[in-house]
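These notes are about the structure you will find just below.
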Amino acid sequence: MLAKIVGELGPWSWWVAGLVLLAAEMVVPGFFLVWIGLAALAVGVLSLLFWDAAFWIWELQAILFAILAVAATLIGRRLILRNATTDEPFLNQRGASLVGRTATLREPIREGRGRIRLDDTTWQVMGPDLPVGTQVKVVSSNGRDLTVEPT
């Protein structure tokens, strides 16, 4: 079936496939199909150059497309991740987002452990022994425990 489609459309079959994939990227967002579409367009350019060559059979075109699609996807992913910035760097790191905030001790810190309340959550804290009501500042977070020091 693939051989028939490639044979009928000639070198333009890869251009059509590439443009369909690029259009599908707009319908199915995720910035994934764009790299596969670019690989199809690259094979389309090579098809325009080598269409009459004896070695340019549809199997070679399919293999080259697969290799270019994987390479383009890996390179594109690396480019996207390198340039990714966010206005919410601690979005999924709630404890890290609390560093620098101050709170009042709800339970005294005894033997290095106590509790504070920040926003709607009670947090277990570590630090020097301090009485209830002491103002403390969060200096670090290791996930679920916060390290505090008196302000």
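What follows draws every value from the coordinates through simple rules; no lab data is involved. In this text the structure is predicted, and so the values were computed from the model without any measurement. Every residue, glycine as well, gets a Cβ built from its backbone with ideal geometry; the counts of neighbours run over all protein chains shown.
With a 10 Å cut-off between alpha carbons and a GNM built on the chain, which of 59, 111, 25 moves the most?
So, out of 59, 111, 25, the one fluctuating most is 111.
Just grab the label-to-label distance for residue 111 and residue 63, each label 7 Å out from Cα along the Cβ direction, in nm (one decimal).
Label at residue 111, label at residue 63, 6.9 nm between them.
What does the net charge come to around residue 130 if you take all other residues with beta carbon closer than 14 Å to its beta carbon, with K and R at +1 and D and E at -1? If you can, show how the numbers build up before the last one.
Numbers: positive: 106, 110, 113, 115, 137; negative: 107, 111, 129, 149.
Summing Lys and Arg as +1 and Asp and Glu as -1 gives +1.
Just checking my list [x] 1.45; [y] 1.01; [z] 0.94 against Rg/Rh (Cα atoms, Kirkwood Rh) computed from this structure; which label fits?
It is the value labelled [x].
Taking each full run of DSSP H in the chain as one helix, which ones are at least 18 Å long along their axis (Cα atoms) and have mean Kyte-Doolittle hydropathy of at least 0.0?
Working: long enough: 12-27 (23 Å, 1.49); 33-50 (25 Å, 2.53); 58-82 (35 Å, 1.37).
Counting only whole DSSP H runs, the qualifying helices are 12-27, 33-50, 58-82.
Which whole-number percent is the relative contact order of the stretch 7-151 (Cα, under 8 Å, 6+ apart)?
On the way: 214 pairs, mean separation 22.4, N = 145.
Normalised by residue count, the contact order of the stretch 7-151 is 15 percent.
Between residue 140 and residues 5 or more places away or on another chain, which pairs have amide H atoms under 5 Å apart, with H built 1.01 Å from N, and which residues are they?
For residue 140, the qualifying residues are 147.
Could you pull out which residues in the stretch 8-22 have an amide N less than 20 Å from a spot 7 Å beyond the Cα of residue 55, following the Cα-Cβ vector?
It comes to 11, nothing else.
Determine, for 82, 115, the number of other Cβ atoms within 10 Å of each Cβ, and report the residues in order from fewest to most. Show your work: numbers first, answer last.
Working: 82 7, 115 16.
If I rank by nearby Cβ atoms, fewest first, I get 82, 115.
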